[in-house]
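Shown next, in structure tokens, is the structure this report addresses.
The values are calculated or read from the model by the stated rules, or taken from the named source; none is laboratory data. Since the structure is predicted, the reported quantities are computational estimates derived from the model, not experimental observations. Neighbour counts are summed over all protein chains in view; Cβ atoms, including those assigned to glycine, are modelled from backbone coordinates with ideal geometry. Remember, those area values only see protein heavy atoms, side chains included, never the ligands or the DNA or RNA. Shrake-Rupley method; radii C 1.70, N 1.55, O 1.52, S 1.80 Å.
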Amino acid sequence: MPELTALEVCRLAPSQVYRALATTPQGLASDDVRRRTLRYGPNSLQALHGMPLISRFARQFTHFLALLLWLAAGLAFLADALHSGEGMATLGWAILGVILINAIFAFLQEYKAERAVQALRSMLPAQAWVLRDGQQQQIARSELVPGDVLVLEEGEQIPADARLTEAVGMRVDNSSLTGESKPQRRSADPITDGHPLDIANLAFAGTTVLSGHGQGVVFATGLNTEFGKIAHLTTTVHTGLSPLQQEIVKVTHLVAALSFLMGLVFFIIGLGMGLSFWTSAIFGIGIIVANVPEGLLPTVTLALAIGSQRMAARKALVKHLASVETLGCTTVICTDKTGTLTENRMRLDRLYVDDLVVESREGCLFTRNRLITAPESERWRPLFDAIVHCNNAKRTRHPDGRSRTTGDPTETALLDFAADHGLLHRPPLRRMGEIPFDADRKRMTTLHWSEGRLLAFTKGAPESVLPLCTRQQGSSTPAELTVDGRKKVLAQSQAFAQQAYRVLAVAMREVERGVEQLDADTVEQGLTFLGLVAMMDPPHREVPDAIKQCRRAGVRVMMITGDHPLTALAVARKVGLAPETTATPLGHFVPVIEGAHIDTFSDDQLRQLLTPTTPGEPDPIFARMAPRHKMRIVSALKDMREVVAVTGDGVNDAPALKTADIGIAMGIAGTDVAKETASMILLDDNFATIVHAIEEGRAVYTNIRKFVTYVLASNIPEIVPYLGFGLSSMPLALTIPQILAVDLGTDMVPALALAAEPPEGGVMDDPPRPRTERLLSWDVLLRAYAFLGLIEAGIAMGGFFLYLYSQGWSWGAPLDWASPLYKEATTVTFAGIVAAQVANVFACRSDRISTFRLGWFSNPLILAGIAVELTILLVMTYSPVGHLVLGTASLPAWIFGPLALGAVGLLLADELQKFVRGRMGARLPLQAGGGI
Ligand code: ATP
């Protein structure tokens, strides 16, 4: 195949383009595709590589907290050099070990989180429509080759550089190449000169079709496209931190500052007690190291990534981690109707033609249960012609021999009807032009040659088409459309709408020759009304339950549809969004607001309309909405500080998707533009999936609280020995390396297991969490420090003294730090904390549901975490390595009895607390307000 440049192909006439690129209007043959794939390679650009792994690993050693630890290690080694002994070098090595373990752990978590996000992205393979072997088919964009005939529709991203051979009302957004966001008209006419990017018959990879449709022949793929040449592939992976991650960074810095202060206090206490300068310094450093929550940020990131994976498994693809948490705070969902609440499988059920309601059943037509024969229905030929020809859906025969219809669901329903009733056998009328459908006009018109006449067919919303009609098709000839006739049609249209049908009016006219100029004002007037068509789109089965769940979860649901108010209300009733009767049990009326009303409202009035005055009052239903109305509603809700999730599929929905807190695009029916703008994609287009995603979003947040509570709780038994030591003559019950072993050894895996908890029963019974709610609320702190932490300290210190007394020690007696008894006693404290944390991990699985009700085996990761925790404890207690690194000593078995009893005591105390608070009706943290 000859290789042609943009400037060469743009000069050719459409018919020459095929020849020049060695292809045909029916597309390439399969053999040819294979050859060209070998020659030109895949149509893809190598993604720019991110930071190399090694430098990302290195970064783990240089962040703020790591630097703090380096300083601590440096001081320990310096102390050892100046003042040998007292295990300072060991401490230095231990801190270095901490830095390394931390870095590996953080790196692995970040890596895993990133891989999870990338895997999600690859779940949405980019597709393109092409003609090959005369068939229209969908292929992966990477499989395109030069010479392929592309079929382009509104909202699609253009997959390769193409010379347009057909363009109907086509405008493109070239801003990804030129930075100019004004829509540009496209046509198929040859052009001789200009800058390639400005040439109107070329469509470039990476740009999008804003309106209209067309066809084009690919002349450049992959790196040869203009986009490839610029090669600034923007990987849309969002790298910024989510608000929760930012909060965690703040929290870690705050806790680090507090630890630093505490370290300083301990240093001064040490000096005051007559310890040497360096010994006191080491105390201080130990306290800092022990309390800095190094692992928090990577664990939060991983929790968000796990959440996004879970959502993907439930068919909701989240593009940015930040959306996972925003979903959890959603207070209002603004949803489309078609496809989201309904199945998007429209079927033409009824016609209104010639003053008759005609039913379509199994390929036959009936009126009042009387079968209508084919010759009888022949008089409705103009209506059938309009249905078939004022239509951009396509029927293609698949290799399995069956025909399938693709395109806009409304038009697909019309074409399927035509196929079922054998209306597609007549030779097609040549199409001369089209005024495309748009959501504002709510109608479309096509122009055709038929037996020497130029005919215009129009179809659209009845209130958009009927005013343009002056005549009505009778059984044989058209007659004037009288006021009464018009009323009758409107009444029938309303009757259909009340039964949840989507209704279209169909009309035609003969256009005088010479009206080649296809503008709406000239063509769409003096039409002859042909009939109404009524299409049914059944609701998704899961939607009514999902809506009930939203009610319980305090999430409001507003339907925003372009359909007729009566259709909207009827569908709302079917799915449980509106009560069965016009007046609700509370005496309210279901407000159905039309786009035209919205235009007359001031912003204040709109906000008033959107504010619920009494609980139980139904939310308004918005019908006949154009995208700009949707945008106004979303903005007003956002002004009211609601957290808004909005669904959308078309190009025009992009602004609303962008403005919303969570823009949700349809994965099946959505355009590339909508998917690009949205922050979440519904792989199954189903409303119920949004509700599942909200549930997962809420679960992620509560899980993060769970492991933060778990990790913070063990700080108290770590600090109490030092307070006791500093403030009384008590021996020091826990050494610094032992503290590190808890924070960076035994605590790690159970904390991760908490991050992976499945959603707790009842997460959807609470109102949405306020966005301003802090992660570290007073509730979390009180539970972690003042309740769980204090009990843990009791267990650990109790174990320490029990062991000492059992060995004949008494209060005030000297205790040599190097003696076996001291080593054994500190090991008991260490073991006591670990035992308490085993119970604590169960306690933290919920802050209000009894552990006994949650079941012991519902999260196997918890059991694995405990197994790891106990293994570390045993290795550290009984192995020479443990003795060397942590200064531990082997313990007699009996001491584990009282420690285990203590652990059981903690769990029971927590159960009692949950029971009492449950009885008092107090809602735990989810409703807790302000934080610190
Ligand atoms: P939904 O909320 O159900 O998804 P929508 O907001 O997408 O609906 P539109 O597609 O904008 O609604 O359609 C609005 C109205 O325009 C429809 O009720 C119908 O009367 C008319 N209409 C829809 N599709 C077409 C079409 N292909 N040709 C002509 N008229 C159409």
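A few points about this structure:
- Solvent exposure of LYS182, expressed as accessible area, is near 140 Å², computed with a probe of 1.4 Å over the protein chains only.
- Calculated FRET value between HIS63 and LYS250, using beta carbons and R₀ = 22 Å, to 0.05: 0.95
- When the Cα positions of LEU356, GLY663, PHE266 are compared along the charge dipole of the chain, LEU356 comes out farthest toward the positive end, with charges on each C-beta of Lys, Arg, Asp and Glu.
- Positive-end ranking of THR746, ALA645, THR567 along the dipole of the chain, with charges on Cβ about the Cα centre, is headed by THR567.
- Each Lys and Arg adds +1 at its Cβ and each Asp and Glu adds -1 at its Cβ; summed about the Cα centre, the chain shows a dipole of about 940 debye.
- With Cα atoms as the point set, region 632-733 shows a radius of gyration and Dmax of 23.7, 74 Å.
- TYR40 sits with roughly 50 Å² accessible to a 1.4 Å probe, with DNA, RNA and ligands left out of the calculation.
- Placing LEU569, LEU164 in order of accessible area, with the largest value first and a 1.4 Å probe, yields LEU569, LEU164.
- Angle in degrees between helix 896-919 and the longest Cα principal axis of the chain, rounded to the nearest 10: 50 degrees
- Residues ASP619, ASP604 ordered from highest to lowest accessible area at a 1.4 Å probe: ASP604, ASP619.
- When ILE681, ILE791, ILE668 are compared by accessible surface with a 1.4 Å probe, the order from highest to lowest is ILE668, ILE791, ILE681.
- Acute angle (nearest 10 degrees) that the helix 296-313 long axis makes with the longest principal axis of the chain, alpha-carbon atoms: 30 degrees
- Relative contact order %, the chain, counting alpha carbon pairs below 8 Å whose residues are six or more apart: 11 percent
- Region 521-553: trypsin sites (Lys or Arg not before Pro) in DSSP coil with no more than 14 other Cβ atoms inside 10 Å: ARG541
- Taken per residue, the accessible surface of region 347-536 reaches 48 Å², heavy atoms only and a 1.4 Å probe.
- Rounded to the nearest 10 Å², the accessible area of ASP400 at probe 1.4 Å: 90 Å²
- If only the Cβ of Lys and Arg carry +1 and only the Cβ of Asp and Glu carry -1, the dipole of region 347-536 around its Cα centre is close to 420 debye.
- Think of the chain as having a plus end and a minus end, set by charges on the Cβ of Lys, Arg, Asp and Glu; of VAL130, PHE204, ALA305, VAL130 sits farthest toward the positive end of this dipole.
- Between 0 and 90°, nearest 10: helix 687-713 axis offset from the chain longest Cα axis: 10 degrees
- Carbon/sulfur fraction of accessible area - the chain, other protein chains in place, 1.4 Å, %: 60 percent
- Helical contribution to [θ] at 222 nm, DSSP H n ≥ 4, -39,500 (n - 2.57), averaged over the chain, rounded to 500: -14000 deg cm²/dmol
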